[in-house]
Amino acid sequence: MRQKENGVTHIKYRIADVDGFNIFYRAAGALGAPKLLLLHGFPSAGHMFRDLIPRLSDRFHVIAPDLPGFGKSDMPPRSKHTFQQMAETIDRFTEVVGFDRYAVYVFDYGAPTGFRLAVKHPDRITAVISQNGNAYEEGLSEGWNPIRAYWEDASPANREALRSLLTPETTVWQYTHGVPDPTAVSPDGYSLDNFYLTRPGADEFQLDLFGDYKSNIALYPTFQTYFRTHKPPLLAVWGKNDPFFLPPGAEAFKRDIPKALVRFFDTGHFALETHAADIAAAIREFLPN
């Protein structure tokens, strides 16, 4: 799975056939190594882990899929524009690629996806790493208010108002807001995200997911019951200046998992853009060999 020459990690780029649905993914690391599943968020794809994977692949078998409808994975039909369907597809993906027991790294949309997998298969999850991946009401900022308005009234006007969240300028803002030095953020990530947002049907898909995000909040008590019952080893690595998911959301994990580790970094939502080395070091210290 991983070739390493002169200290350079070579990531493999592959497509998994998941019951006729194509999931594009990045993979690195030896097949026999402990498994680590990386789940990205909106509006990104597996490329957001480009700086993290090389820092972990000497110890872990790492896989980073593009979620359905994101990046280079297939776009689901309109009837399947839900987080539940996304989780079901990624669940089957893990089986197709042989991820029987694994640690899961969740970020943003990857959190309700990964937490659904954990609730369904608690025996498969060896640990949880949450990077601005929320599961508590107190972690939601006022930045969610326009989307909440759409939950309460799915009118054409409220839906249309959310299109501003899909503009190139908003994507750049998501990457740079809360970053002390915005020049430290490479344009590669947000430029690629903006490219993928122009895929046919991507706008309606994303608007549908905005509307369905309320299903994730409805599952927060279920996720929390999983945390309290199974107490998986959990590391929260959080950009403390995130405009969407607030630091109290990270601290809340300790309520259900007292031994949870929480670390904050002086950056924004896409913490890996500025702190990949620090987060990788925290993961290497946290996860057993």
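Derivation of every value follows stated rules applied to the coordinates shown; laboratory data play no part. Given the structure is predicted, the values throughout are model-derived calculations rather than measurements. Counting neighbours? That spans all protein chains shown, and the Cβs are built from the backbone with ideal geometry, glycine included.
Pulled fully out, how much extra length does the chain show between THR198 and ASP74, if you take 0.36 nm times their separation in residues and subtract their Cα-Cα distance?
Working: separation 124, 0.36 × 124 = 44.64 nm, distance 1.40 nm.
Here the answer is 43.2 nm.
In terms of packing, defined here as the mean over residues of other Cβ atoms within 10 angstrom, the peptides 68-79, 181-192 line up highest first as 68-79, 181-192. Over segment 69-224, the ratio between the Cα radius of gyration and 2.2 N^0.38 Å evaluates to 1.09.
Using the structure shown, list the pairs from LYS80/LYS214; LYS120/LYS231; LYS35/LYS72; LYS231/LYS259; LYS12/LYS35; LYS12/LYS72 with a Cα-Cα distance above 20 Å, or answer none.
Listed pairs above 20 Å: LYS35/LYS72.
Net charge of the neighbourhood of GLU251, taken over other residues with C-beta under 12 Å away and scored Lys/Arg +1, Asp/Glu -1, is +2.
In the chain, taking the dipole from charged Cβ atoms about the Cα centre, the farthest positive-side position among TRP151, VAL128, ALA30 is held by ALA30.
Beyond 14 Å, what percent of the Cα pairs of segment 86-129 remain? Walk me through the numbers before you get to the answer.
Numbers: 386 of 946 pairs.
That fraction is 41 percent.
How many times 2.2 N^0.38 Å is the alpha carbon radius of gyration of segment 143-289? Working shown, then result.
On the way: Rg = 17.4 Å, N = 147, 2.2 N^0.38 = 14.7 Å.
Dividing the Cα Rg of segment 143-289 by 2.2 N^0.38 Å gives 1.19.
Taking every alpha-carbon pair in segment 87-178 and binning the separations at 5 Å intervals from zero gives 3, 11, 16, 18, 16, 14, 12, 8, 2 percent. Packing, as the average of other Cβ atoms within 10 Å across residues, places the peptides 142-153, 168-179 in the order 168-179, 142-153, highest first. Over segment 229-287, the ratio between the Cα radius of gyration and 2.2 N^0.38 Å evaluates to 1.12. Working note: Debye formula, equal point scatterers on the alpha-carbon atoms of the chain, no solvent; log10 I(q)/I(0) at q = 0.11, 0.16 Å⁻¹ is -0.59, -1.40. Given a cut-off of 19 Å, what percent of all Cα-Cα pairs of segment 33-150 lie beyond it? Cα-Cα pairs in segment 33-150 separated by more than 19 Å: 47 percent. Electrostatic bookkeeping for ARG50 treats Lys and Arg as +1 and Asp and Glu as -1; over the other residues with beta carbon under 12 Å from its beta carbon, the sum is -1.
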